[in-house]
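K.L.:
Got a structure for you, written out below as structure tokens; questions coming shortly.
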Amino acid sequence: MSNFEFSVPCLFGLESLVADEMKRLGLKNVRAENGRVLCDGGAEDVARLNLNLRTGERVLIVLGSFPAEDFDALFEGTKALPWERFIPRDGQFPVKGHSLNSALQSIPACQKIVQKAVAARLGSKYGLNQLPATGAVYQVQFSIMKDVAALMLDTSGAGLHKRGYRANANEAPLRETLAAAMVMLTKYRGRDFIWDPFCGSGTIPIEAALIARNKAPGMYRRFAGEAFAFCDPKVWGEVRAEAKDKEFTGKYRILGSDNDPKCISLSIANARKAGVADCISFRDGDATKMDLPAQEGVIICNPPYGQRMMEQKSAQQLYAAMGRHWKFANDWKKYIITSEPEFEHYFGSRATKKRKLYNGMIKCDYYMYTENKRKK
């Protein structure tokens, strides 16, 4: 039972980053698809992936897939899978999932069919008419796409973006996995000065510090897979120790600023919980008026969008003020995410390149200013 196929869903636009992370962790047969990345691995990789992935949303074990044009096919296909290899006789197995472009469209009906099929298989294998369902939770997921069903087991529990350091957040928090991706796309390795002038609850500076330290993002939380009967508890301890041994120490120049003092207090508390408070400075400040905190560095930020915290016109005025204030910051690279399609117009200059990303359900562009056109 050591060979598994893993599926790691991710925000659209981050597939290549997740794939790179998997390859660095030594996973085999890594292949990216829209919104997810697949790979092969062993039981120990349940722990390794959950603990170390920065940009993936959760770690699923793929049990199998089959055509499911009607409920009978869904029942029989599900029942044919080897559930007893994963779920013990007392295991709880709630079901959730989704269906797209398929004949089976009722999610509650599909949930009932899948649960009934799993119960029938386990009852038959364990010789029980009634399963006790008093043990650990084994969350079953199904995905039906174009009449093909895939059945999976969720090993993460809460999504991987829930690192455990952000109990409270500001009004429009940036998902931790997206913040990590934004930092990784700058090729940051801990040497540059990093500044987030709209730090909110501190997510970008904290993720930058975790990357600089090479600190596993899942170090301070628990995962559903830790209670699974087929996962050796010792492996989780070994993988945590292995991750701890790979951490770096050093002095890092990371600054988070915000014009709301409550955000600064929140950021400091979150950085402490994440174990990186000694790597980051936080201070009050207006992004459109503050002096640059260093001669050169990298600005990474998620300024307010018109459709979330501010009216669109206010957001556009803010972008224009940012452009004017940073106009001569020639030795700074700038990385800015926003859903404003005319951002470059208001900011006053064209990005070197941009990349489509999703902040939750909001389609955004990540504007990357990496070339000094004025000096050229």
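The values are calculated or read from the model by the stated rules, or taken from the named source; none is laboratory data. Only a predicted model underlies this, so the values are computations on that prediction, with no experimental measurement involved. Methodologically, a virtual Cβ is constructed for each residue, glycine included, from the backbone with ideal geometry; neighbour enumeration extends over all protein chains shown. Each accessible area value is taken on the protein alone, full model and side chains, heavy atoms only, with ligands, DNA and RNA left out. Shrake-Rupley method; radii C 1.70, N 1.55, O 1.52, S 1.80 Å.
K.L.:
Of all the C-alpha pairs in the range 256-324, what % are more than 20 Å from each other?
P.N.:
Values: 920 of 2346 pairs.
For the range 256-324, the share of Cα pairs beyond 20 Å comes to 39 percent.
K.L.:
Next question, about the same structure. For residue 234 and residue 290, calculate 0.36 nm times their separation in residues minus their Cα-Cα distance, and state this gained length in nm to one decimal.
P.N.:
Details: separation 56, 0.36 × 56 = 20.16 nm, distance 5.01 nm.
Working it through step by step, the gained length comes to 15.1 nm.
K.L.:
In addition: Please state, rounded to one decimal and in Å, the Kirkwood hydrodynamic radius that the range 83-144 gives when every pair of distinct Cα atoms enters the mean of 1/r. Write out the running numbers ahead of the final one.
P.N.:
On the way: mean 1/r = 0.0817 Å⁻¹.
Here the Kirkwood hydrodynamic radius works out to 12.2 Å.
K.L.:
Another question, then. Report the calculated FRET efficiency for residue 31 and residue 146 (r = Cβ-Cβ distance, R0 = 22 Å), to the nearest 0.05.
P.N.:
On the way: r = 19 Å, r/R0 = 0.85.
For residue 31 and residue 146, the calculated efficiency is 0.70.
K.L.:
On to the next question. Size of the dipole of the chain about the Cα centre, Lys and Arg at +1 and Asp and Glu at -1 on the beta carbon, nothing else charged, in debye to 20?
P.N.:
Details: 55 positive and 42 negative charges, 190 e Å.
I would put it at about 920 debye.
K.L.:
Using helices alone, I'd like the mean residue ellipticity at 222 nm for the chain: each DSSP H run of four-plus residues gives -39500 (n - 2.57), total over residue count, nearest 500. List each step's numbers first, then the result.
P.N.:
Details: 10 runs with 113 residues, N = 376.
-9000 deg cm²/dmol, from helical runs alone.
K.L.:
Do any chymotrypsin sites (Phe, Trp or Tyr not before Pro) in the range 285-362 lie in a loop, going by DSSP, with at most 15 other beta-carbon atoms within 10 Å of their beta carbon, and if so which? Please report the intermediate quantities before stating the final value.
P.N.:
Numbers: sites: 305, 319, 326, 328, 332, 335, 343, 346, 347, 358; in loops: 305, 326, 328.
Here the sparse-neighbourhood loop sites are 328.
K.L.:
Give the distance, in whole Å, between the Cα centre of the range 236-264 and the Cα centre of the range 327-351.
P.N.:
Rounded to whole Å, the Cα centres lie 28 Å apart.
K.L.:
How long are the semi-axes of the equivalent ellipsoid of the range 172-237, taking √(5λ) for every eigenvalue λ of the Cα gyration tensor, in whole Å from largest down?
P.N.:
Details: eigenvalues 172, 40, 16 Å².
Equivalent ellipsoid of the range 172-237: 29, 14, 9 Å, largest first.
K.L.:
Can you tell me the convex hull volume per residue for the range 207-310, based on C-alpha atoms, in Å³ to the nearest whole number?
P.N.:
Hull volume normalised by residue count: 144 Å³.
K.L.:
Separate question: Roughly speaking, what % of Cα-Cα pairs in the range 1-121 are separated by over 25 Å, rounded to a whole number? All intermediate terms of the calculation are to be shown ahead of the outcome.
P.N.:
On the way: 2408 of 7260 pairs.
The proportion of pairs with Cα distances above 25 Å equals 33 percent.
K.L.:
What translational D, rounded to a whole number of µm²/s, comes out for the range 219-261 from Stokes-Einstein when the hydrodynamic radius is the Kirkwood one over Cα pairs, at 20 °C and 1.002 mPa s? Intermediate values should be presented prior to the final figure.
P.N.:
Values: Rh = 13.8 Å.
Once the numbers are plugged in, D ends up at 155 µm²/s.
K.L.:
Per residue, how much accessible area does the chain show when a 1.4 Å probe rolls over the protein heavy atoms, in square angstrom?
P.N.:
Working: 17590 Å² over 376 residues.
Computed with neighbouring chains in place, this is 47 Å² per residue.
K.L.:
Could you compute how much accessible surface residue 268 exposes when probed at 1.4 Å, giving the result in Å² to the nearest 10?
P.N.:
60 Å²
K.L.:
A further question on this structure: If you average the sequence gap of Cα pairs under 8 Å that are 6 or more apart and divide by the length of the range 9-65, what percent do you get for the contact order? Before the final figure, lay out each step's value.
P.N.:
Values: 71 pairs, mean separation 22.6, N = 57.
Over the range 9-65, the number comes to 40 percent.
K.L.:
Please report, to one decimal in angstroms, the Kirkwood hydrodynamic radius of the chain built from all distinct Cα-Cα pairs. Intermediate values should be presented prior to the final figure.
P.N.:
Working: mean 1/r = 0.0446 Å⁻¹.
Mean inverse Cα-Cα distance, inverted, gives 22.4 Å.
K.L.:
Over all alpha-carbon pairs in the range 310-376, figure out the percentage whose distance exceeds 16 Å.
P.N.:
Working: 1015 of 2211 pairs.
When all Cα pairs of the range 310-376 are counted, 46 percent exceed 16 Å.
K.L.:
Which of the listed residues, 319, 269, 282, is farthest toward the dipole's positive end in the range 242-376, when Lys, Arg count +1 and Asp, Glu count -1 at the beta-carbon?
P.N.:
It is 319.
K.L.:
Something else about it: Please list 96, 246 from largest to smallest accessible area, probe radius 1.4 Å, with all protein chains kept in place. Could the numbers behind the result be given before it?
P.N.:
Working: 96 85, 246 115 Å².
Order by accessible area, largest first: 246, 96.
K.L.:
Picking from 223, 34, 188, whose Cα lies most toward the positive end of the charge dipole for the chain (charges on Cβ: Lys, Arg +1; Asp, Glu -1)?
P.N.:
188
K.L.:
Enter the per residue convex hull volume of the range 63-221, computed from alpha-carbon coordinates, in Å³ rounded to the nearest integer. Working shown, then result.
P.N.:
Working: hull volume 25.3 nm³, N = 159.
Given the Cα convex hull of the range 63-221, per-residue volume reads 159 Å³.
K.L.:
Keeping the other protein chains in place, figure out the carbon and sulfur percent of the accessible area of the chain, with a 1.4 Å probe. List each step's numbers first, then the result.
P.N.:
On the way: 8450 of 17590 Å².
For the chain, the apolar C and S fraction of the accessible surface comes to 48 percent.
K.L.:
Provide the net charge surrounding residue 41, with neighbours chosen by a C-beta distance below 11 Å and charges set as Lys +1, Arg +1, Asp -1, Glu -1. Please list the in-between numbers first.
P.N.:
Working: positive: 28, 48; negative: 5, 40, 44, 45.
With Lys, Arg at +1 and Asp, Glu at -1, the neighbours total -2.
K.L.:
I'd like the projected area of the range 273-361, averaged over all directions, using the convex hull of its alpha carbons. Report it in nm² with one decimal.
P.N.:
Numbers: hull surface 29.1 nm².
With every direction weighted equally, the projected area is 7.3 nm².
K.L.:
Another question about this same structure. Can you give me the relative contact order of the chain as a percent, contacts being Cα pairs under 8 Å and 6 or more apart? The partial results should precede the final answer.
P.N.:
Details: 775 pairs, mean separation 56.0, N = 376.
Relative contact order, the chain: 15 percent.
K.L.:
Using +1 on the beta carbon of Lys and Arg, -1 on that of Asp and Glu, and nothing else charged, what's the dipole of the range 97-178 about the Cα centre, debye to 20? Provide the component values of the computation, followed by the final result.
P.N.:
On the way: 9 positive and 4 negative charges, 34 e Å.
Dipole size: approximately 160 debye.
K.L.:
Which residue, 52, 34, 214, has the most motion in a Gaussian network model of the chain that connects Cα atoms within less than 10 Å?
P.N.:
34
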